[in-house]
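This is the structure I want to talk about, given as structure tokens.
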Amino acid sequence: MDAVLSFMEWFLKYFLPPMIANASPVLLRGGRPVDGERRFIDGKPLLGPGKTWQGVIIGVYMGTLSSLPISVYLESIIHMVNGFAASISALLGDMIGSFIKRRLGIPRGEPLPFLDQLDFALTASLYYWLVDPGFRRPDYLFYSLLLVLVLHITTNNVAYVLGVKDRRW
Ligand code: CTP
Ligand code: MG
């Protein structure tokens, strides 16, 4: 039981901010596209209309805000700095994911399993791995990515049933 608790504490400390950052933009409807509707050399959209500046801003804001209770609980402002940087990393990862999907010819909103669920978590993990020795736990990281996968699929289905999201993925 102690092992599960220490993993859950680790998971929340590191993954709550990027998960909130990734999930918050879904609440928006439209906005100014980050790629400015530009196309890549292959003639396909650079990122597509699913990535907006409004989404980036609300994601970074909500992700950083979610690290406030973590900072209070652990009594260090460093967790907010990390929450802010991890949220930016998460949104960058989400955009890298869209860039890859467009290169593969997958239209905006169509699924690419595993990449859709994990892109943001992988880039946030890269950030933490580089700056925080406490994050360098390959076993915890593996379980966390599995949990992110399951949580992502579950929350997306709930959002779809509630009508917040118009697709299941
Ligand atoms: N969103 C946004 N800005 C972002 C990320 C997401 O406005 N930076 C909003 C968009 O309305 C998007 C929705 O959140 O449609 C869901 O995000 P996501 O599933 O990542 O985008 P998709 O529409 O599936 O597009 P893609 O195929 O590029 O992943
Ligand atoms: Mg999607």
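Readers should treat all values here as calculations from the given coordinates under stated rules, not as data from a laboratory. Since this is a predicted model, take the numbers as computed values, not measurements. Heads up, the Cβs are rebuilt from the backbone with ideal geometry, glycines too, and the neighbour counts pull from every protein chain shown.
As a footprinting exposure proxy, order 99, 40 by other Cβ within 10 Å, with the fewest listed first.
Numbers: 99 18, 40 13.
Sorted ascending by nearby Cβ count, the order is 40, 99.
Now, a different point. So for each of 126-133, 113-120 I average, over its residues, the number of other beta carbons within 10 Å; can you give me the resulting order with the highest mean first?
On the way: 126-133: 14.5, 113-120: 18.6.
Most protected by this proxy first, the peptides run 113-120, 126-133.
Still on this model: Among residues other than residue 105 whose Cβ falls under 11 Å from its Cβ, what is the net charge (Lys/Arg +1, Asp/Glu -1)?
+2
Work through the residues other than residue 128 whose Cβ is under 12 Å from its Cβ and net out their charges, Lys, Arg +1 and Asp, Glu -1. Show your work: numbers first, answer last.
On the way: positive: 13, 136, 137; negative: 132.
Within the 12 Å Cβ shell, the charges total +2.
Sequence-distant or interchain residues sharing an amide H contact under 5 Å with residue 52, placed H: which?
34
Hey, got the dipole for region 28-169? About the Cα centre, +1 on K and R Cβ, -1 on D and E Cβ, debye to the nearest 20? Spell out each step's value before the answer.
On the way: 15 positive and 11 negative charges, 107 e Å.
About 520 debye.
Counting only complete DSSP H runs, which helices of the chain cover 30 Å or more along their long axis at the Cα atoms and score a mean Kyte-Doolittle of -0.5 or above?
Working: long enough: 53-74 (31 Å, 1.20); 78-103 (37 Å, 0.69); 138-161 (35 Å, 1.14).
Result, helices passing both filters: 53-74, 78-103, 138-161.
Considering only 81, 22, 64, whose Cα is most displaced toward the positive end of the charge dipole of region 1-112, charges sitting on Cβ of Lys, Arg (+1) and Asp, Glu (-1)?
It is 22, whose Cα lies furthest towards the positive end.
Any chance you could get the radius of gyration and Dmax over the Cα atoms of the chain, in Å?
Final numbers for Rg and Dmax: 16.2, 54 Å.
Region 82-143: Rg/Rh from Cα coordinates, Kirkwood Rh?
Details: Rg = 13.0 Å, Rh = 12.4 Å.
Radius of gyration relative to Kirkwood radius: 1.05.
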